[in-house]
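A short worksheet on the structure shown next.
The values are calculated or read from the model by the stated rules, or taken from the named source; none is laboratory data. All figures in this text were calculated on a predicted structure; none of them were measured in a lab. All Cβ positions, even for glycine, are placed from backbone atoms using ideal geometry, and neighbour counts span all protein chains on display. In case anyone asks, the SASA skips ligands and DNA or RNA and just uses the protein heavy atoms, side chains included. Shrake-Rupley method; radii C 1.70, N 1.55, O 1.52, S 1.80 Å.
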Amino acid sequence: SGGWSRIASSLPVRNVQDLAASGEELAAETLARYIRMDIQNGDVLVERSGEVPVVDLGRLFDPQFAEQEAAHLKFACEGWGFFQLVNHGIPEETITDIRNDIRKFFQLPLEVKNAYAQLPGKCKSQTLDWSDMLGILTQPPQARDMRYWPSHQPHTFRKSIEDYSSELMKVSHSIVTFIAKTLNIDPKLMEDKYVSQFLRMNYYPPCKAMADKVLGFSPHSDGSFFTLLLEVNSVLALQIKRHNAWIPVKPNPKALLVNVGDYLEIMSNGKYKNIEHRVTINTNQERMTVSAFHVPSLGVVISPITGITEENILYKTMGVEEYAKLYMSNKLDGKRALDHAKLL
């Protein structure tokens, strides 16, 4: 599992929070690498921002409501690829602690934060995202590289990460159990598909000069089994692509936003969809989130499971490491890696 840290790398670029706060008139050449000419492609349907399905984990465990709620889960995974998970069972104190420590971390001086920067990979010529990120491998425990875990500032951060990560593993086990049931497959077949967890804390500074010309995160689909997102502060910014239009996701501070990843789409033979999404930037407000990417062990093979009924196989059988390298090598541009995994 420690191999995941070998595959991922970061770009050696300027800290965007520092850039946005510098007070200097941002020169055109400074901003040129962030400007996107295609942001206006596709309508943005703000009026539909409250339509993302809601799934209640408590009801899934309640025999009285389980069947009805499982139908909601199936609908969300098939039709949207996203859902807001409420009554997830993570203690409020754990949520409050991780939110507070993420806020404190991103308020630290740049030289303190830089101590936990990932070693940069090769600099690629690509349009940059208007964001800063702190990424660490959190599960399994033996795969952790503690050099990248902030230790002193804030002093509670390691415990907050540990507690939140552990709680997410419990939630993930529940999600996988119920997703397997909705696909009519044995949950044991999914046991090794979400055992590794990569936690990424995201900071999206405001961009007063031209928020409508930059993105916090380019359009992409997640190279995970599934992803769980916690909003640290509620700023409307995430948009998902549905029927060729962008739908903003209204933040729900009481929920975890769950989305289907590439590996789950492959394993479900395309029944459950990994939907393209992006992050927009606010003119005046910063946004902070923490994403948990649950991924298989690198040595695992991922393949479609079709159940009893006869159906066409739509995806190749691929090694997870092979797919991960393919995903990481691509500029995040829609679903190119997943398209490669499809059978013609």
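Close amide H partners of Y34, meaning residues 5 or more places away or on another chain with modelled amide H under 5 Å apart, are L128. Divided by 2.2 N^0.38 Å, where N counts the residues, the Cα radius of gyration of segment 245-286 comes to 1.51.
Computed over the Cα atoms of segment 132-184, pair by distinct pair, the Kirkwood hydrodynamic radius stands at 12.9 angstrom. Can you tell me the 0 to 90 degree angle between the C-alpha axis of helix 92-106 and the longest principal axis of the chain, rounded to 10? The angle comes out at about 30 degrees.
Report the gain in length on full extension from R147 to L326: 0.36 nm times residue separation, minus Cα-Cα distance, nm rounded to one decimal. Kindly include the intermediate steps, with their values, before the conclusion.
Details: separation 179, 0.36 × 179 = 64.44 nm, distance 2.69 nm.
Extra length from R147 to L326 when fully extended: 61.7 nm.
When both segment 24-99 and segment 235-269 are represented by their alpha-carbon centers, they are found 5 Å apart. Phi angles across segment 177-182 convert, under the Karplus curve 6.51 cos²θ - 1.76 cosθ + 1.60 with θ = phi - 60°, into 3J(HN,Hα) values of 4, 6, 4, 4, 5, 5 Hz, Gly and Pro given as x.
Can you give the Rg/Rh ratio of segment 27-81, where Rg is from the C-alpha atoms and Rh is the Kirkwood radius? On the Cα set of segment 27-81, Rg over Rh gives 1.33. What residue among N282, N15, N202 shows peak mean-square fluctuation when the chain is described by a Gaussian network model with Cα springs under 10 Å? Among N282, N15, N202, the largest mean-square fluctuation in the Gaussian network model of the chain belongs to N15.
Classify segment 23-181 from the C-alpha gyration tensor, please: rounded if a/c falls under 1.5, else prolate or oblate depending on whether a/b exceeds b/c. Please list the in-between numbers first.
Numbers: a/c = 2.31, a/b = 1.32, b/c = 1.75.
Oblate is the answer for segment 23-181, as a/c is 1.5 or above yet b/c matches or exceeds a/b.
For the pair M169 and A117, a Förster radius of 30 Å applied to the C-beta separation gives a FRET efficiency near 0.70, rounded to the nearest 0.05.
Between Q126 and V13, the simple label model (points 7 Å from Cα in the Cβ direction) yields a spacing of 0.9 nm. In sequence order, segment 41-56 has phi-based couplings of 5, x, 5, 10, 9, 4, 5, 9, 5, x, 8, 4, x, 10, 10, 9 Hz under the Karplus curve 6.51 cos²θ - 1.76 cosθ + 1.60, θ = phi - 60°, and Gly or Pro positions carry x. Computed from the C-beta positions of L110 and I35 and an R0 of 22 Å, the FRET efficiency is 0.40 to the nearest 0.05. Accessible surface of the chain, 1.4 Å probe: 52 percent of it comes from carbon and sulfur atoms. Note on K104: lysines with a C-alpha under 25 Å away, same-chain residues under 8 apart excluded, are K113, K159, K208, K250, K254. Taking N as the residue count of segment 94-250, its C-alpha radius of gyration divided by 2.2 N^0.38 Å amounts to 1.17.
Among D262, D222, D62, the residue with the largest mean-square fluctuation in a Gaussian network model of the chain, with springs joining Cα atoms closer than 10 Å, is D62.
Largest first, the extents of the alpha carbon coordinates of segment 191-304 on the three principal axes equal 46, 29, 25 Å. Between helix 66-79 and the chain, what is the angle of the helix's C-alpha long axis to the longest principal axis, kept within 0 to 90° and rounded to the nearest 10? Helix 66-79 sits roughly 60 degrees off the main axis of the chain. The HN-Hα couplings worked out from phi for segment 318-329 by the Karplus form 6.51 cos²θ - 1.76 cosθ + 1.60 (θ = phi - 60°) are 9, x, 4, 5, 4, 5, 4, 5, 4, 4, 5, 7 Hz, whole numbers, x standing for Gly and Pro. In segment 73-111, which residues have a backbone nitrogen under 19 Å from the label point lying 7 Å from N233's Cα in the Cα-to-Cβ direction? Under cut-off, by backbone N: 95-110.
Within the chain, the proportion of C-alpha pairs whose separation exceeds 28 Å stands at 41%.
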